[in-house]
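Encoded as structure tokens, the structure appears first; notes follow it.
Computed from the coordinates by the stated procedures, all read-outs in this text should not be read as laboratory data. Predicted model, so just to flag it, every value in this text is computed and none were measured. Note that we place each Cβ from the backbone using ideal geometry, even for glycine, and neighbour counts take in every protein chain shown.
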Ligand SMILES: N[C@@H](CCC(=O)N[C@@H](CS)C(=O)NCC(=O)O)C(=O)O
């Protein structure tokens, strides 16, 4: 069964494309934008990424990453282990403490209708992001979140690091730069970025 990934590369769909490249499994990529007709036809929510496998339509990048990593036995600790619980805690913390700040800033820049935007929210988001990333880097075992090998949580955090750069968020500590460079140097990351 092959996979079809819907979603432009410069979106959360990148996370799924990167993992598929790491796994070395075949897939088809439909570079559709958020709320495009193509996406809404398969997922009325209109958000990207969407993964289609046979008749199944899966939404949410973290859910898709977790499914693919479990299914192909890579980039994850096994379900039902303490290591997996620690890994999931990183995933949820990154969504809470890093992605949510970027998403709030994006919503108040170009997503919400203009009359609902509050641009003043962006500076507090930037300040909180810097604090949270510094704390995550202090607590990270290294060189990756779970130690010697990257996992799905690293894919999400690295994607957020790139998003932060384009949103002009603070760079964070030097260790974060080293961490991002190591992940971006991976051939699978490069292949996904070139799509
Ligand atoms: N939690 C979801 C969020 C998906 C999401 O909001 N994607 C953005 C693009 S990166 C989108 O489709 N936005 C359009 C919208 O919110 O209507 C995930 O991780 O997949």
Relative packing of 5-13, 24-32, which averages over residues the other C-beta atoms within 10 Å, highest first: 5-13, 24-32
Fully extended contour minus Cα-Cα distance, from residue 185 to residue 79, at 0.36 nm per residue: 35.3 nm
Antiparallel %, DSSP beta bridges [both residues in the chain], to 5: 70 percent
Simple spin-label estimate for residue 106 and residue 71 in nanometres, 7 Å along Cα-Cβ: 2.4 nm
Gap separating the Cα centres of region 164-179 and region 1-80, nearest whole Å: 26 Å
Candidates 101, 17, 58: whichever shows maximal mean-square fluctuation once the chain is modelled as a Gaussian network with Cα springs under 10 Å: 58
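Rank-order 148-158, 183-193 by packing density, defined as the average count of other C-beta atoms within 10 Å over each peptide's residues, highest first.
Details: 148-158: 22.4, 183-193: 15.3.
Highest-to-lowest ranking by the protection proxy: 148-158, 183-193.
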Estimated inter-spin distance, residue 120 and residue 59, nm [label 7 Å along Cα→Cβ]: 3.3 nm
Translational D in µm²/s for region 1-50 (Stokes-Einstein at 37 °C, 0.692 mPa s, Kirkwood Rh from C-alpha pairs): 304 µm²/s
Cβ-based exposure ranking for 68, 102, in which fewest neighbours within 10 Å come first: 102, 68
